[in-house]
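J.: Just dropping this structure here.
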Amino acid sequence: MRDAAPTTIYLKDYTPFGYLVDSVHLTFDLTPHATRVTSRIAFRPNPNATDRTFFLHGEELTLIRAAIDGGEITPELSDKGLTAITPDAPFIWEAEVEIDPGNNTALEGLYMSNGMYCTQCEAEGFRKITYYPDRPDVMSTFTVRINGDLPVLLSNGNPTAKGEGWAEWTDPWPKPAYLFALVAGDLIAHPGQFTTMSDREVELNLWVRPGDEGKCAFGMEALKKSMKWDEDVYGREYDLDVFNIVAVDDFNMGAMENKGLNIFNSSAVLASPETSTDANFERIEAIIAHEYFHNWTGNRITCRDWFQLCLKEGLTVFRDAQFTSDMRSAPVKRIHDAIDLRSRQFPEDNGPLSHPVRPESFQEINNFYTATVYEKGAEIIGMLKRLVGDEAYAKALDLYFDRHDGQACTIEDWLKVFEDTTDRDLSQFKRWYSQSGTPRIAVAEAWDDGTYTLTLSQRTEPTPGQDDKQPQVIPVAVGLLGPNGDEVRSTEVLELTETEQSFQFTGLAARPVASILRDFSAPVILEQDQTNSERAFLLAHDTDPFNRWQAGRSLAQDTLLRMISDEAAPDADYLDGLLSVLRDGELDPAYRALMLGLPAQSELAATLYERGDTPDPMAIWAAVETLRQATAQHMQDLLPRLHGEAMVDAPYSPDAEQSGKRALGSAALALTSRLDGGAMAADAYANADNMTLQLTALSCLLRARKGEEELAGFYDQWKHDRLVMDKWFGLQVSMASPEATPKTARALTEHPDFNWKNPNRFRAVMGALAMNHAGFHQTDGTGYQLLADWLIRLDPVNPQTTARMCAAFQTWTRYDAGRQDLMRAQLTRIAETPNLSRDTTEMVSRILG
Ligand code: ARG
Ligand code: ZN
């Protein structure tokens, strides 16, 4: 239930808790609707705190009994927690509470999924399990006894005792409550084993529901690779005797790094060639790595308060990106990350939800697990590493682990290790954490008698709460190419620190073509008046794989924008340049597949809006279709060869090489389908022996407005598999024509398998609706209305997932007055829903502005 006036929490108000916790003992007596949680907690006054108010968080708990040093007390209760009078000396707190996991649909705290008990405590879910100072700077060791009539009983740390119907776990590493976890159920282990760098044996298990045993092997291997990589690259060793991962079907996010007991959305860990795509495998490998890497960056060193979330998330995303680059292809990973940042983070940073990587206030912290905190947070670390160099980065990280192990830290602590190891003053750099909005860099060039002058100027548009922006430290990686395509200056990192700055390159024989922002060296928007012949030149010659791809992307964007605004025909420079890149058999197939990509329609809308035009989603959609058709025709002769190069005649492996080939083959198939009406795709569907090929072929058929039969066959083949059915639901919405999109989505919500309380299934349909740009933005408003109907329905059941999905409306002010009115009406309808959750209230009111 919502408070009358939602409270806003501010970073500046931080004060330490008045007590330290020396140990926590918990006993769980599990039953679906009346689980008893008994706690025994050793507190003592915190010498570094002045306020001795003894307030323990607690929500949705029934207090049965409370005692201090064995004497029963009657604490003062509110809907947020309790307060009690305590001795001015160490004391033992005991409490017994009752909770109802069987009715916990919010999936936060202790809840049930398919008869399995599981927990999600980050950020503030532990307070729904028992009374506790539920804040990350309160750290303690935990001992947990679980009594329950289920075969598998798990918690954090090492198993210390067990018997019939009970188990005890002890976690020797002090941790905040958000890392607590408990799992109990009828589960099967896929076992594994790892020997650490100092020769300790670690038992690994991936726990799944009966029936999912065949989907564990890949996740287990990914875990072992992650453990090895963190030793090799960061010198970080695992620190318990066991490491458990559990797959859960009902989960709000991807996964959670609970100490020694990671809990995963089953979509983020279960995989098999028949049921998962190459992209699924890659994502799973990255998430397993991410959660494992949190053991050091998040668990051993945690956050002082939730404003510091990027301390662990930005760093851990950066580490998992390094891991993926090492395991797969670094340029391909970098391009994927830039695409992702532009499609998810830029809209956030340049709209009503814009917030700093380290926010300064919030109402509901769950609303700040954002692309800005995670992905822009990771980009900041990449910039820092580029500025100080690899060696200094390694030194700073060693110092970070040495100095802060066992502590709850801040961004100040993090930057200080870099200042101490490099003697750099990072006070200006720190603006990346406090200033929201995407910086834009304008480029001016001059050429005079052997000297090339590059003038860069930066500006950031105002964002909510921040009207005036200060210049940031932006590493701009630049290389120069001579007229024959040779590189005449190799990559150099220019440090842009002023509003405007010039950089000179002397002694050049001829006017060069500059390749700017190589490797996407900063999360910024580059505003460069390049001619299409310069872009085509870079597409042909740039030695930096990112910028070579970017040149193609800029050509594509340019031609699309002119097709949209001036009804221009598809640009020949683009089509020819693309053709020669695709012909180049020396180039990595994965890279060539990326070259065939186009900017997202929402991204084109953003660009149009930023230059003062009102984006028309149908016109954007039509331009993309026309360009695709023209590309297919232009490449007609090459397509069979691309298919040939994409052939894999080895047993399926989701590795970079094979998936790159399949990506190229799939892109070629999609283009071919525009020429042959889907004949080849029908064939490919019939012969597909893995999910990547099956799904690609099906999507080609659906886009050709064919494939009814295949769609039904797919359903019959896979109706028993929840994760594959999510694809079946989602694909129909993403492949629908714009006009049919809302109708298709609505029909699917009436399907008996639309289990809307499951976040994966809900997102499969509603997420796909929001992502289908022209379909969502149909002028009759049916897309907006359908989404709003379902958000209103989901909110009382699952506020977190509802609130996240409200972001579909974040760009509403970019569109024409008619669409704005329709979207505002739906946002207002959501906002006015009685008893709307705090999560959704905050999101909708920020979006409405
Ligand atoms: N720490 C998790 C991760 O990034 C995310 C958990 C967030 N959960 C939430 N309900 N806000 O790996
Ligand atoms: Zn994380």
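J.: Taking the alpha-carbon set of segment 720-798, what are its Rg and Dmax in Å?
T.: Reported Rg and Dmax, both Å: 11.7, 37.
J.: Per the Kirkwood treatment, what hydrodynamic radius in Å, one decimal, follows for segment 483-575 from the mean inverse distance over all distinct Cα pairs?
T.: 14.8 Å
J.: Can you give the angle from 0 to 90° between the axis of helix 656-676 and the longest principal axis of the chain, with both taken from C-alpha atoms, to the nearest 10?
T.: The angle comes out at about 50 degrees.
J.: While we're here: Could you work out the pair-distance distribution P(r) of segment 399-454 from its alpha-carbon pairs, with 10 angstrom bin width and percents rounded to whole numbers?
T.: 18, 29, 23, 18, 9, 3
J.: Same structure again: Using only the Cα atoms of segment 537-623, each taken as one equal point scatterer with no solvent, compute I(q) by the Debye sum, divide by I(0), and report log10 of the ratio at q = 0.10, 0.23, 0.24 Å⁻¹.
T.: One equal scatterer on each Cα of segment 537-623 leads to -0.27, -1.09, -1.15.
J.: Also, I was wondering about something else. Pulled fully out, how much extra length does the chain show between residue 34 and residue 687, if you take 0.36 nm times their separation in residues and subtract their Cα-Cα distance? Don't skip to the end; give the middle numbers.
T.: On the way: separation 653, 0.36 × 653 = 235.08 nm, distance 5.20 nm.
Difference between extended and current length: 229.9 nm.
J.: Using only alpha carbons, build the gyration tensor for the chain and give me the equivalent ellipsoid semi-axes, biggest first, whole Å.
T.: On the way: eigenvalues 399, 206, 147 Å².
Value: 45, 32, 27 Å, ordered largest first.
J.: Report, to two decimal places, the Cα Rg of segment 531-574 normalised by 2.2 N^0.38 Å (N = number of residues). Don't skip to the answer; put the middle values down first.
T.: On the way: Rg = 10.7 Å, N = 44, 2.2 N^0.38 = 9.3 Å.
After normalising by residue count via 2.2 N^0.38 Å, the value is 1.15.
J.: Can you work out the base-10 log of I(q)/I(0) for segment 201-265 at q = 0.27, 0.28 1/Å, using the Debye formula on its C-alpha atoms alone?
T.: -1.32, -1.35
J.: Show me 731-737, 7-13, 396-402 ranked by packing, highest mean number of other Cβ atoms within 10 Å first. Write out the running numbers ahead of the final one.
T.: Details: 731-737: 21.1, 7-13: 11.1, 396-402: 17.0.
Listed from highest to lowest mean packing, they are 731-737, 396-402, 7-13.
J.: Related question: Just rank 588, 467, 726, fewest to most, by other beta-carbon atoms within 10 angstrom.
T.: Working: 588 18, 467 8, 726 21.
Neighbour counts put them in this order, fewest first: 467, 588, 726.
J.: Over 27 Å between Cα atoms, which of 333/743; 225/259; 333/416 qualify? The partial results should precede the final answer.
T.: Values: 333/743 36 Å; 225/259 19 Å; 333/416 30 Å.
In this structure, 333/743; 333/416 exceed 27 Å between Cα atoms.
J.: What do the square roots of 5 times the Cα gyration tensor eigenvalues come to for segment 592-700, in whole Å, largest first, as semi-axes of the equivalent ellipsoid?
T.: Details: eigenvalues 174, 49, 32 Å².
Each semi-axis is the square root of five times an eigenvalue, giving 29, 16, 13 Å.
J.: As an exercise, find the ratio Rg/Rh for segment 1-129 from alpha-carbon atoms, using the Kirkwood inverse-distance average for Rh. Show your work: numbers first, answer last.
T.: Details: Rg = 15.7 Å, Rh = 16.1 Å.
Rounded to two decimals, Rg over Rh is 0.98.
J.: Taking segment 797-849 as the region of interest, what is the percent of Cα-Cα pairs per 5 angstrom bin, listed from the shortest bin to the one with the maximum distance?
T.: For segment 797-849, the binned pair fractions read 4, 21, 33, 24, 11, 6, 1 percent.
J.: Assign unit charges at the C-beta atoms only (+1 for Lys and Arg, -1 for Asp and Glu), then state the dipole size of the chain relative to its Cα centre in Debye, rounded to the nearest 20. It would help to have the intermediate numbers written out before the result.
T.: Numbers: 79 positive and 126 negative charges, 187 e Å.
That gives a dipole near 900 debye.
J.: Enter the Cα centre distance for the pair segment 276-306 and segment 66-81, rounded to the nearest angstrom.
T.: What the calculation gives is 37 Å, centre to centre.
J.: Calculate for the chain the 222 nm mean residue ellipticity that helices alone would give, adding -39,500 (n - 2.57) per DSSP H run of length 4 or more and normalising by residue count, nearest 500 deg cm²/dmol.
T.: It comes out at -12500 deg cm²/dmol, rounded to the nearest 500.
J.: Hey, could you get me the Stokes-Einstein D for segment 423-495, Kirkwood radius over alpha-carbon pairs, 25 °C and 0.890 mPa s, rounded to whole µm² s⁻¹? Can you show the working numbers first?
T.: On the way: Rh = 14.8 Å.
Calculated translational D: 166 µm²/s.
J.: For segment 741-773 and segment 3-49, what is the separation of their Cα centres, given in Å?
T.: 38 Å
J.: Where the centre of each part is set by its Cα atoms, how far does segment 664-735 sit from segment 114-137, in angstrom?
T.: That distance is 41 Å.
J.: May I ask for the equivalent-ellipsoid semi-axes of segment 555-601, computed as the square root of five times each C-alpha gyration tensor eigenvalue and listed largest first in whole Å? Mind dumping the intermediate values first?
T.: Numbers: eigenvalues 110, 29, 5 Å².
So the three semi-axes of segment 555-601 are 23, 12, 5 Å.
J.: Need one word for segment 222-339: rounded, prolate or oblate. Basis is the Cα gyration tensor (sqrt eigenvalues a ≥ b ≥ c); a/c below 1.5 gives rounded, then a/b vs b/c decides. Each step should come with its number before you reach the end.
T.: Details: a/c = 1.38, a/b = 1.16, b/c = 1.19.
Cα axes put segment 222-339 in the rounded bin.
J.: While we're looking at this one, here's another question. Return 549, 756 ranked ascending by Cβ neighbour count within 10 Å, so the fewest neighbours appear first.
T.: Lowest to highest Cβ neighbour count: 756, 549.
J.: What does the convex hull of the Cα atoms come to per residue for segment 335-486, in Å³? If you can, show how the numbers build up before the last one.
T.: Numbers: hull volume 25.0 nm³, N = 152.
Normalising the Cα hull of segment 335-486 by residue number yields 165 Å³.
J.: Find the percent of Cα-Cα distances in segment 1-43 that exceed 12 Å, and round it to a whole number.
T.: Details: 690 of 903 pairs.
The share of Cα pairs beyond 12 Å in segment 1-43 comes to 76 percent.
J.: Moving on to the next point. Once you keep just the Cα pairs under 8 angstrom separated by 6 or more residues, what percentage relative contact order results for the chain?
T.: 9 percent
J.: Cα convex hull of segment 638-777: mean projected area in nm², to one decimal? It would help to have the intermediate numbers written out before the result.
T.: Numbers: hull surface 35.9 nm².
Averaging across all directions leaves 9.0 nm² for the Cα convex hull.
J.: Shifting gears a bit: At 20 °C and 1.002 mPa s, grab the translational diffusion coefficient of segment 764-838 from Stokes-Einstein with a Kirkwood Rh over Cα pairs, rounded to a whole number in µm² per second.
T.: The estimated diffusion coefficient comes to 172 µm²/s.
Only the coordinates and a few stated rules stand behind these numbers; no lab work does. Just so it is clear, the model here is predicted, and its values are computed rather than measured. Reconstructed Cβ throughout: ideal geometry from the backbone, glycine too, with neighbour counts over all protein chains shown.
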